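Notes follow once the structure below has been shown.
The values are calculated or read from the model by the stated rules, or taken from the named source; none is laboratory data. These numbers come from a predicted model, not from an experiment. With ideal geometry, Cβ positions are generated from the backbone for all residues, glycine too; neighbour counts draw on all protein chains shown.
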Amino acid sequence: MNNKYIWLFGENNGNTMNNNSYYFWKHVVSRNDEIEKYFVVKKNKQNKQIYNKLDKDIKKYIIWQNSYKHWKIFLKANLFYVSLSYKDVMPNKLLIKKCSMQVKKPVIYLQHGTLGMKKLGYDGRSYNNNMFRFILYNKLIKEQFSKENDFKKYQLYYSEYHPRYIELVKKKETLKSENQILWFITWREVFDNGFETNKFLKDIRRVIESPEIKKHQLENNCKIKICLHSLFTEKQMKYLTKHINTKETEVIYSSKVDVMDEIAKSSLLITDYSSLGFDFTFLNKPVLLYQPDLESYLANREIYCTVDELNEYNLKTPKELIDKILSNKYEINGFFKKRLPDKIDYEYVKKGKHIDKMYDDFKKIQLNSIAFIGYNFYGRGGTITATYALAEGLLKKGYLVYLMSLKQTCPLSQISVPYGLNINSLYRTRPKRKIEHIKRLMLGKWHYSYFKYDSNLKYLIPYVGYGLKKYLNKVKVNTVVSTRETIHFFLKEAKNEAIKNKVYFFHTDANLVDDIFPGVIKKLNDLKLEKCAFVTELNRQRYIEKLGFTNYDKYSIVGNSLVSDSIVTKEEIHEVPKKEIYRGIYLTRISKDRIADLNNAIEFAKYLKENNIENIKIDIFGKGDYVDKFEDILYNNELDDYFIYKGLTTNPHEELIKYDFAVDFSLNQSFGMTYIEGILNGLKVFAYLNYGSKEVLSGIKDSFINSNEDLVEKINNLPNITKEELVKNYEIISSKYSNEVVASKFIDLIK
């Protein structure tokens, strides 16, 4: 087990072994490959009976809920497969004490039905952002579900058939078909002991007790089985069983029957809002939609279809339902049919080929997983946003991506990371749990290890070195990427055979390395690094020329990018109208190493003042050790009406879209990220010629500043710039710096 990936399956809070998770697991559990597959269940009577019938070779992969083995596998698992919720696989008791766990592993949500009517409450950030894949079985719903439930397209996986259909087809072939009507009744939020419930139950009686239906049952030897949702009370159940339970009609809780048996045996289904209609239609059997309370149902529940479409197929009154039953003219229900595959291949399903496809896809994803290790992925900064963007690009390319942060400075709910990205930390700075306090008690300085070369050492705890070594020696992942110079040493030393690729990402500007990581590059140059990534070719050259760093086998210039939520769509780009005042934004680091750039900005502010140019205002965002001095200069020279310092922004996207243009006064910009951000938020960007602007803005018309007069002229010309030009600029930058393009460059490096 130690040398293999682990997948943990479960369903219905551990209560059953009869749905998608079980049949997926059962079909693949015996495969002798790089993955061990376990299924967790409660030790109830029904599950023990199924367990006893299993082959001896696969019994060892059944885990009883809350056992020691369950805890052990749960903590080691790499992927969770669930059909109802994450509680399907999670322990809820430690010995005799109840406990509540958090989801820290990626989840593949297999579902237990087909989406068509009832709207779900899940979104792309569910399960602590660990909703890695959500399986859809409705060919028409992907776009709508993505939009209405806020999922990214890469999180959605379409499968033509449910895993459990492998058993449904077999049951259809082996069980004798009966003249039985299965009436499956869904629970409604409005149901209680009041008027709505009583009326609904009386309407059921009206149908079953009608002389015409009774006669129909006797003459045709037709049985009706009414299955109620388990939330119906015993009082409500007794009301029906007292009046209509006969030899021909049975009332039972749906949880007390094998639903697939009933589907296979029955000749007609009556249902309301249940996805069971898809299962019945899959077997090419007729379904009657009986929705007498549609209006009140929709008052409490949203749906994915339109009311008009439902009304095209449904029945509303007991009389309509009675007449339809008596007619014996049952059609394949078009509502369900149009959402299923056009042609159903039962032999394909019986052989489990649909499960094979899903398994092969997810296995490939698992075996090519990628982990990034960083200082604090819960904070902010260039390395963090660049890693998020690269991770999102890899997610779009179908990769499973993990982020492991040395520390966690805030709850996950307070940061915005790409959907489906797994993020965890070695320790929390504000510990609540006892284990976190124990980590902080590891006071031996030797635990810091290579972090003694890190200028941020004072913000770390000794455990971090020990914890990182432990993580690297146990993690099951194909590629590990270090995003900080001091972390490179730990990655290089790791002896974990599971790690096939080690990538050392040099984000830091070569000019700052010796200040942030004193002595690090010399020691790194003594090692032979396998694969290195750099943001720009200029920075790589500076590592060579300034720091003498050359000791690596392969490298890639990956570039920087943005997460999709940090840019606008092309449709959101708009022209700048003629205005009395044009407002610009300047994003920079206000520190002593940027004094030349800041003086350049001050000279422009002076030019505006001296020439009484009142229609241009520029807001400045940033922080650093020069803020107070910079503000004093603006104030003392009465320039603060032209340049307005706005402090630090943690989300440039939210600020950029408020402005008419972006400007950069830098004379020595290395990365050009400001220009990428501005253009991908629909703005015209102006900059002086430097390495970053030359790299990014070449090919972008009228972007370079030649003088203060030239910049004023370009700003005043903003209303003459068409939307088509702004969109073209957007497309040029996207083609070079979208996160998918950056991800492709990274993938080339690790192949």
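Identify all residues within the stretch 577-605 that are surrounded by 15 or more Cβ atoms within 10 Å (Cβ to Cβ), over 22 Å from Asn651 (Cβ atoms) and either in the same structural domain as Arg380 (by TED's automatic domain parsing) or not hydroxyl-bearing (Ser, Thr, Tyr) (or both); write none if there are none.
Result: Asp593, Asp597, Leu598, Asn600, Ala601, Ile602, Phe604, Ala605.
Enumerate the pairs (first residue in the stretch 255-274 and closer than 19 Å to Glu167 by Cα and touching a residue at least 40 places away in the same chain (Cβ under 8 Å); second residue anywhere and surrounded by 22 or more Cβ atoms within 10 Å (Cβ to Cβ) and among the basic types (Lys, Arg)) with beta-carbon separation below 8 Å, excluding pairs fewer than 6 apart on the same chain, so at least 6 apart or on different chains.
Met260/Arg164
Going through the stretch 438-460 one residue at a time, which ones are modelled with pLDDT under 90 and either of a type outside the set (Lys, Arg) or over 18 Å from Asn376 (Cβ atoms) (or both)? Quick ask: steps written out before the conclusion?
Taking the stretch 438-460 as the starting set, the residues that turn out to be modelled with pLDDT under 90 are 438-448.
Within the stretch 438-460, Ile438, Leu441, Met442, Leu443, Gly444, Lys445, Trp446, His447, Tyr448 meet the criteria.
So which helices (runs of 4 or more DSSP H) stay within the stretch 49-147 end to end and still have 3 or more residues that are of a type outside the set (D, E, K, R)?
Filter on the stretch 49-147 gives 68-76, 126-129.
What pairs come up if the first residue lies in the stretch 442-453 and is closer than 17 Å to Phe489 by Cα, the second is in a helix (DSSP H, G or I) and of a type in the set (S, T, N, Q), and their beta carbons are under 7 Å apart, counting only those six or more places apart or on different chains?
Final answer for the pair search is Tyr450/Thr486; Phe451/Thr486; Tyr453/Thr486.
In the stretch 500-514, is there at least one residue being part of a loop (DSSP other than H, G, I, E, B) and among the hydrophobic types (A, V, I, L, M, F, W, C)? I'd like the intermediate steps shown before the answer.
From the stretch 500-514, those part of a loop (DSSP other than H, G, I, E, B) are 500, 507-512; that's our starting set.
Restricting the remaining residues to those that are among the hydrophobic types (A, V, I, L, M, F, W, C) gives 510, 512.
Yes - at least one qualifying residue is present in the stretch 500-514.
Return yes when Ile487 is hydrophobic (A, V, I, L, M, F, W, C) and under 31 Å from the mean Cα position of the chain (by Cα) and no when it is not. Full working, then the answer.
Values: hydrophobic (A, V, I, L, M, F, W, C): yes; under 31 Å from the mean Cα position of the chain (by Cα): yes.
The answer is yes for Ile487.
Is it the case that some residue within the stretch 99-108 is crowded, with 22+ Cβ neighbours inside 10 Å, at pLDDT 95 or above and over 25 Å from Val259 (Cβ atoms)?
Yes, because at least one residue in the stretch 99-108 is crowded, with 22+ Cβ neighbours inside 10 Å, at pLDDT 95 or above and over 25 Å from Val259 (Cβ atoms).
What is the one condition in (1) closer than 20 Å to Ala596 by Cβ; (2) outside any loop (DSSP other than H, G, I, E, B) that Ile676 does not satisfy?
(1)
Scan the stretch 700-751 residue by residue and report those that are of a type outside the set (S, T, N, Q), under 30 Å from Ile499 (Cβ atoms), out of contact with any strand residue (DSSP E or B) (no Cβ under 6 Å at 6 or more places or on another chain) and in contact (Cβ under 8 Å) with a residue 24 or more places away in the chain.
Of the stretch 700-751, the ones of a type outside the set (S, T, N, Q) are 700-702, 704-705, 709-715, 718-719, 721, 723-728, 730-733, 736-737, 740-743, 745-751.
Retained after the next criterion (residues that are under 30 Å from Ile499 (Cβ atoms)): 737, 740-743, 745-751.
Narrowing the set further to residues that are out of contact with any strand residue (DSSP E or B) (no Cβ under 6 Å at 6 or more places or on another chain) leaves 737, 740-743, 746-748, 751.
Residues satisfying the conditions are Tyr737, Glu740, Val741, Val742, Ala743, Phe746, Ile747, Asp748.
State yes or no: is Asp660 more than 18 Å from Ile585 (Cα to Cα), touching a residue at least 40 places away in the same chain (Cβ under 8 Å) and either in the same structural domain as Val535 (by TED's automatic domain parsing) or of a type outside the set (A, V, I, L, M) (or both)? Let's see the steps before the verdict.
Numbers: more than 18 Å from Ile585 (Cα to Cα): no; touching a residue at least 40 places away in the same chain (Cβ under 8 Å): yes; either in the same structural domain as Val535 (by TED's automatic domain parsing) or of a type outside the set (A, V, I, L, M) (or both): yes.
Spelling it out, it is not the case that Asp660 is more than 18 Å from Ile585 (Cα to Cα), touching a residue at least 40 places away in the same chain (Cβ under 8 Å) and either in the same structural domain as Val535 (by TED's automatic domain parsing) or of a type outside the set (A, V, I, L, M) (or both).
For (1) closer than 26 Å to Asn20 by Cβ; (2) within 31 Å of the chain's Cα centre (by Cα), each residue gets a yes or a no:
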position: Leu294; (1), (2): no, no
position: Leu298; (1), (2): no, yes
position: Lys316; (1), (2): no, no
position: Leu321; (1), (2): no, no
position: Leu326; (1), (2): no, no
position: Glu331; (1), (2): no, no
position: His354; (1), (2): yes, yes
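Only one of Val558, Val563, Val535, Val568 is β-branched (Val, Ile, Thr), under 22 Å from His653 (Cβ atoms) and touching a strand residue (DSSP E or B) at 6+ places or on another chain (Cβ under 7 Å); which? Write out each step before concluding.
On the way: Val563 fails: touching a strand residue (DSSP E or B) at 6+ places or on another chain (Cβ under 7 Å); Val535 fails: touching a strand residue (DSSP E or B) at 6+ places or on another chain (Cβ under 7 Å); Val568 fails: touching a strand residue (DSSP E or B) at 6+ places or on another chain (Cβ under 7 Å).
Only one candidate qualifies: Val558.
Of the numbered conditions (1) modelled with pLDDT under 95; (2) more than 25 Å from Asn18 (Cα to Cα), Gly116 fails exactly one; give the number of that condition.
Only one criterion is unmet by Gly116, namely (2).
Within the stretch 298-329, can you find the residues that are more than 29 Å from Ile213 (Cα to Cα) and of a type in the set (S, T, N, Q)?
Passing the criteria: Asn300, Thr306.
Can you tell which of Ser693, Ser666 is touching a residue at least 60 places away in the same chain (Cβ under 8 Å), surrounded by 21 or more Cβ atoms within 10 Å (Cβ to Cβ) and in contact with a strand residue (DSSP E or B) (Cβ under 9 Å, 6 or more places away or on another chain)? Show your work before the answer.
Working: Ser693 fails: touching a residue at least 60 places away in the same chain (Cβ under 8 Å).
Step by step, each of Ser693, Ser666 is checked, and only Ser666 is touching a residue at least 60 places away in the same chain (Cβ under 8 Å), surrounded by 21 or more Cβ atoms within 10 Å (Cβ to Cβ) and in contact with a strand residue (DSSP E or B) (Cβ under 9 Å, 6 or more places away or on another chain).
Among the residues in the stretch 464-473, are any farther than 29 Å from Arg594 by Cβ and assigned to a loop (DSSP other than H, G, I, E, B)? Spell out the reasoning first.
Of the residues in the stretch 464-473, the ones farther than 29 Å from Arg594 by Cβ are 464-473.
Cutting the leftovers down to assigned to a loop (DSSP other than H, G, I, E, B) gives us none.
No; the residues of the stretch 464-473 include none that is farther than 29 Å from Arg594 by Cβ and assigned to a loop (DSSP other than H, G, I, E, B).
Could you list, in sequence order, the residues of the stretch 231-253 that are touching a residue at least 40 places away in the same chain (Cβ under 8 Å), in contact with a helix residue (DSSP H, G or I) (Cβ under 7 Å, 6 or more places away or on another chain) and not in a helix (DSSP H, G or I)?
Thr249
Give, as residue ranges, the helices (runs of 4 or more DSSP H) completely inside the stretch 259-344 that count at least 2 residues that are acidic (Asp, Glu) and not assigned by TED's automatic domain parsing to the domain that holds Asn20.
259-265, 307-313, 318-327
Which numbered condition trips up Ser146, out of (1) surrounded by 20 or more Cβ atoms within 10 Å (Cβ to Cβ); (2) farther than 25 Å from Gly352 by Cβ; (3) not charged (D, E, K, R)?
(1)
Scanning for something under 30 Å from Thr649 (Cα atoms), free of Cβ contacts under 8 Å to residues at least 60 places away in the same chain and either out of contact with any His (no Cβ under 7 Å at 6 or more places or on another chain) or not in a helix (DSSP H, G or I) (or both), does the stretch 350-362 turn up at least one residue?
Restricting attention to the stretch 350-362, the residues satisfying the condition of being under 30 Å from Thr649 (Cα atoms) are none.
Within the stretch 350-362, not a single residue is under 30 Å from Thr649 (Cα atoms), free of Cβ contacts under 8 Å to residues at least 60 places away in the same chain and either out of contact with any His (no Cβ under 7 Å at 6 or more places or on another chain) or not in a helix (DSSP H, G or I) (or both).
Return the residue satisfying two criteria in turn: it lies in the stretch 499-550 and is surrounded by 18 or more Cβ atoms within 10 Å (Cβ to Cβ) and among the small types (Gly, Ala, Ser), and of such residues it is farthest from Tyr737 (Cα to Cα).
Looking at residues that are surrounded by 18 or more Cβ atoms within 10 Å (Cβ to Cβ) and among the small types (Gly, Ala, Ser), I get Ala510.
Quick check on the stretch 576-592. Is at least one of its residues out of contact with any Leu (no Cβ under 8 Å at 6 or more places or on another chain), in a strand (DSSP E or B) and aromatic (Phe, Trp, Tyr)?
Taking every residue of the stretch 576-592 in turn, at least one turns out to be out of contact with any Leu (no Cβ under 8 Å at 6 or more places or on another chain), in a strand (DSSP E or B) and aromatic (Phe, Trp, Tyr).
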